[in-house]
Amino acid sequence: MKQYTFHITGTHCASCKILIEDILQENTDIQKSSVHIKKEILSIDTDSDKTPEEIIFDINQKIQQHGYVVSLEKPLALQDKKQYEILWTAIPIGLVFLVLFFMLQKSGILNLGIGGTTTPSTSFIIGLIASVSSCLAIVGGLILSLSTSLAQDEKENTKRAVVLFHVGRIIGFGLLGGLLGMIGGVIGISFTFSAILGLIAASIMIVLGLNLIGVFRKSSITLPAGIFTYFRKIEHTSIAPIVIGVGTFFLPCGFTQSMQFAALSSGSFLGGMGIMLGFALGTLPVLSMLSFSSVGFAKSKHAPLFFASAGVVVIGLGLFALLAGLAGLGIISPLFTI
C-alpha cells in the first residue's frame, strides 16, 4: 500500500470534500481518499504501481469536470492578489443589493425587518444567502452524501429520498422554531434580553460575512467526516431522509443559530415558526438544485465573487442590526432610521 499527498484547488466547502471522496471511491486503484479543505490537500492510499504523475492524470480525468484540479506542487498563482481583486469587485455589487433592501424597507412595499424585529421576510432573505455559504458547506455535504450514493439505485428512489429530506427539513424547522418561540414566551423575555439576543444574532452574521469575503476562511466550520460515514450507513432506510432533514436544525450553521436567537426572542409559537420556516424556505431553492445535480453553483468559477458579494450584504445587514440594537438599548444614538 502506497500513500500519496497531492495539492488540490477549486474546493470551497464540506460539500466539495464529500463529492471528491465519493467520486474517488469508485476508482478500484484507490483504497482510501481524504480531502483536507483548509490545507487544500488530497491524501490517498493506493495499490497502484503507477507513477504519481499518472495517478494525478487519472484523478483529474474524474474531477476536473467538477471544477477541481490536483497537482504535485502547490500552484504559484497570485491567490492573495486575486482575492483582493474579487473583494473590490464584490463591494459595489453587495452595496447595490443593500441599497435595494433599504429602499424596499423604506417604501413599505416589503417589511424586511431591517433594524427592528426579525420577520419571516428577513429570515427568507437570510436563508437565500445562507444557502450558498455556511448552509451549503454543512447541509450541502449531507445532501451530496444522501444523493450521490443513492445514484446507483433507481432514479425514483433517489428523488423520493431527497424530497423526503427537504420535507423533513422544512417541517422540522417550522415546528422547532415555533417551540423556541413558545419557550421564549414562557420564560418571559424582556425587551432588554430580546435586544441582547438580537445583538448576538447580528454579531454572528457579521462574523459569517467576514468568513464569506475570506477574512476567516481558514476557520470555516466543517463537520467531521465520520458524520457523513454514519449517514451513508442509514440513508437507504425510508425514515432516514426525514430524520436527517429535521436534524439539520441542530447543525453548527451560524446563520441557523442567528435565526434561532430571533425565533426565541419572538416570544410566541407562530412568531418563531414564521421565522424558522421563512429561513428554511429561503435555503430551499439552492439546496434543491444541489440535490438533483452533481455540480452546483458553488463549484463554478464565479462562486468566489458570488460568495464575496453575499458576504458584503451579510456584513451590511449585520452591522445595521447591531447599531439598531445598541440604539434600542440606549447605548448609542440612532444614526439613521429606515
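What the table below lists for this structure:
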item	result
Efficiency of FRET from Cβ geometry, residue 179 and residue 64, R₀ 41 Å, rounded to 0.05	0.35
Sequence of 21, 54 from largest to smallest accessible area, 1.4 Å probe	54, 21
Label-point separation, residue 38 to residue 72 (7 Å along Cα→Cβ), nm	2.9 nm
Gain upon complete extension [residue 193, residue 2; 0.36 nm per residue less C-alpha separation]	63.0 nm
Cα centroid of the stretch 238-273 to Cα centroid of the stretch 36-54, whole Å	38 Å
Stretch gain in nm, segment residue 85-residue 26, where the contour uses 0.36 nm per residue and the Cα spacing is subtracted	17.5 nm
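The values are calculated or read from the model by the stated rules, or taken from the named source; none is laboratory data. Bear in mind that the values here come from a model prediction, so they are computed numbers and not experimental data. Neighbour counts are summed over all protein chains in view; Cβ atoms, including those assigned to glycine, are modelled from backbone coordinates with ideal geometry. The area values use the complete protein model at the heavy-atom level, side chains included, leaving out ligands, DNA and RNA. Shrake-Rupley method; radii C 1.70, N 1.55, O 1.52, S 1.80 Å.
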